[in-house]
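The values are calculated or read from the model by the stated rules, or taken from the named source; none is laboratory data. Since the structure is predicted, the reported quantities are computational estimates derived from the model, not experimental observations. Please note: Cβ atoms are built from the backbone with ideal geometry, for glycine as well, and neighbour counts cover all protein chains shown. Heads up: the accessible areas ignore ligands, DNA and RNA and are worked out on the full protein's heavy atoms, side chains in. Shrake-Rupley method; radii C 1.70, N 1.55, O 1.52, S 1.80 Å.
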Amino acid sequence: MRLTRYFLPVLKETPAEAQIVSHRLMLRAGMIRQSSAGIYSWLPLGYKVLRRIEQIVHEEQERMGAVPLLMPTIQPADLWRESGRYDAYGPEMLRIRDRHERDMLYGPTNEEQITEIVRASVGSYRDLPKLLYHIQWKFRDEVRPRFGVMRGREFLMKDAYSFDVDRETALQSYRKFLVAYLRTFERMGLKAVPMRAESGPIGGDYAHEFLVLAETGESGVFVEKRMADLSLGDRAVNFDDPAEVQAIFDDWTSGYARTDDTHDQAVFEAEVAAGERVEARGIEVGHIFYFGTKYSEPMQALVTGPDGERAPIHSGSYGIGVSRLAGALIEASHDDKGIIWPESVTPFQAGLVNLKQGDAATDAACEDIYGKLAAAGLETLYDDRSERAGAKFATMELIGLPWRITVGPRGLKQGVVELTSRRSGESVELAPEDAIARLAEIYRGL
RNA sequence: CGGGCCGUAGCGCAGUCUGGUAGCGCGUCCGUCUGGGGGACGGAAGGUCGUGGGUUCGAGUCCCGCCGGCCCGACCA
């Protein structure tokens, strides 16, 4: 993409309303603009990041065996009356009336909707298990939206739902999701720790939250050091092998890891040695629940078992805050110049800086490199503006592309361009072909 | 929902206490010079001062209502 054709309204100064770093940087880098409190437009750069995050979530959900579908944002109130939540949910639910005076609502979540779909078409235990998910906009009319997309009223969420015959198989599904989440967050370059959680208003008796450790996190977290250091790495997981999933699950839930909701200082001190106790802040990016028959019972989602008896389905729900992740990634990876995207979610794989726009040789070299990067499958943001070097560097650093190729007349005379890492700031001088090859290597497999 | 703060040019702000021709920086536009870290000079555009009412000869400034936004706390992906 040529910057002169793109839409990248960057800000030199920080808008007054933005308090935390991710919000400031998302505004300054031209990723988002506020529409009203807690509601944002995603500008091209932000939208690109959102889609990359979504893509990783999709891939990992499908890898674990969950099946994508898409449910509506607007739901009928009657569905929620069946579960009893229409009255229970309170003013956080945005209630709407259509022209026929029917009560509708903008979905804050989709348990009722998916339960309705499943009960209508599933009748036998042979039809189970089923793991279904979608990525859809939600609306929760928070009393106090804040921190940009980290805590918006409208937000994009991946929510998955599991349907099993009994508690034991439902917990197998639950463990699969926990393991899939580990993979998902690691792929984004995030360290997200599963922590025992309260189940909250969605209900249920088994729940974990995934917290990204960051100073600006909204929750206090208390973890055993080794839990925060665990990593799946390149380990392939066979999700169809319950024993393997169980083993990983056990590893990751073996130590003390809780948020301030469930933290118990006495237990923490009894179970964890003094030097191993980590007290930090965290951003909640995922939440998984097993809630049994909480919805299937009142909504009569039943299956006939091998014994011929009809019994309610056992379920869980599994959320990932997709739009929140865009903010969380920035909280976890930035410096005083701007964002530093991990390669896996960067909006462009490379930035190309032309130091002397209008100089025939430099322009030609940039065009050539730009074309070859595209041919190598790398999406590049080419800064072809007639700006001075400083301005171009500042923009690239602000928007956080992990790799930059700098092309100027001085280097070209020596037959080299500069390849710079955003993260380390280090540059190497290489022949253009070598720089392209180096980048292709870095992105191989991502 | 309790407590606090703020709405003045695209962005950041001053002016409000003490009423009297609406300003500064950045950005934007035009021109010239420049060209490896947000460059220099010259010129220009851009404002119903959130909104409605009131007081006054006169309101950005004082009074009242409303709308919007931000922060702290209690709640949530």
Nitroxide proxy distance, nm - points 7 Å out along Cα→Cβ at A:Ala88 and A:Glu367: 6.5 nm
Cα gyration tensor shape of segment A:21-338, rounded if a/c is under 1.5, else prolate or oblate by comparing a/b with b/c: oblate
Charge dipole (debye, nearest 20) of segment A:1-135; +1 at Cβ of Lys and Arg, -1 at Cβ of Asp and Glu: 800 debye
A:Glu276 paired with A:Arg102, simple spin-label distance in nm, labels 7 Å along Cα-to-beta-carbon: 5.7 nm
Folded to 0 to 90 degrees: helix A:44-63 orientation relative to chain A principal axis, Cα: 50 degrees
Charge-dipole axis of chain A as Lys and Arg at +1 and Asp and Glu at -1 on Cβ define it, positive-most pick from A:Ser124, A:Leu45, A:Ile135: A:Leu45
Interatomic Cα distance distribution for segment A:357-422, bins of 10 angstrom, percent: 19, 56, 25
Heavy-atom accessible area per residue - segment A:348-443, 1.4 Å, Å²: 45 Å²
Convex hull volume of segment A:1-60 per residue (C-alpha atoms, cubic angstrom): 103 Å³
Length gained when the stretch A:Gln172-A:Leu446 is fully extended (0.36 nm per residue, less Cα-Cα span): 95.7 nm
Residues with amide H under 5 Å from that of A:Gly217, placed H, sequence gap 5 or more: A:Gly282
Lysine-lysine proximity count for chain A, Cα under 16 Å, sequence distance 8 or more or distinct chains: 9
Cα-based shape type of segment A:1-160, given that a ≥ b ≥ c are square roots of the gyration tensor eigenvalues and the cut on a/c is 1.5: oblate
Over segment A:348-443, relative contact order from alpha-carbon pairs under 8 Å, at least 6 apart, %: 31 percent
Folded to 0 to 90 degrees: helix A:389-399 orientation relative to chain A principal axis, Cα: 10 degrees
Å² of accessible area per residue within segment A:1-112, as computed with a 1.4 Å probe and no ligands counted: 51 Å²
Segment A:148-203 shape via C-alpha gyration tensor axes, a/c threshold 1.5: oblate
For segment A:213-367: relative contact order, % (alpha-carbon pairs under 8 angstrom, 6 or more apart): 23 percent
For segment A:63-181, size of Cβ-based charge dipole, Lys and Arg +1, Asp and Glu -1, in debye: 480 debye
Whole-number accessible area per residue in Å² for segment A:132-281, which is evaluated in the context of all protein chains at 1.4 Å: 42 Å²
Amide hydrogen neighbours beyond the local backbone of A:Asp335, cut-off 5 Å, H modeled: A:Ile340
Segment A:151-289: relative contact order as a whole-number percent, Cα under 8 Å and 6+ apart: 35 percent
Amide H contacts under 5 Å for A:Trp403, placed H, 5+ residues apart: A:Gly351, A:Arg422
Using a Förster distance of 41 Å, the FRET efficiency for A:Asp335-A:Ala243 (Cβ separation, nearest 0.05): 0.40
Top of A:Ala37, A:Ala257, A:Ala274 by mean-square fluctuation, Gaussian network on chain A, Cα under 10 Å: A:Ala274
Residue list for segment A:82-120, given a label point 7 angstrom along the Cα-to-Cβ vector of A:Arg310 and an amide N cut-off under 13 Å: A:119-120
For chain A, size of Cβ-based charge dipole, Lys and Arg +1, Asp and Glu -1, in debye: 1560 debye
Share of carbon and sulfur in the accessible heavy-atom surface of chain A [1.4 Å probe, %]: 48 percent
Extended-chain gain in nm, criterion 0.36 nm per residue less alpha-carbon gap, A:Arg126 and A:Ser36: 27.6 nm
Sites A:Asp264 and A:Glu198, calculated FRET efficiency, Cβ-Cβ separation with R0 22 Å, nearest 0.05: 0.95
Table column - 3J(HN,Hα) (Hz), segment A:285-296, Karplus curve with 6.51, -1.76, 1.60, x for Gly and Pro: 10, x, 8, 10, 10, 9, 10, x, 10, 3, 9, 5
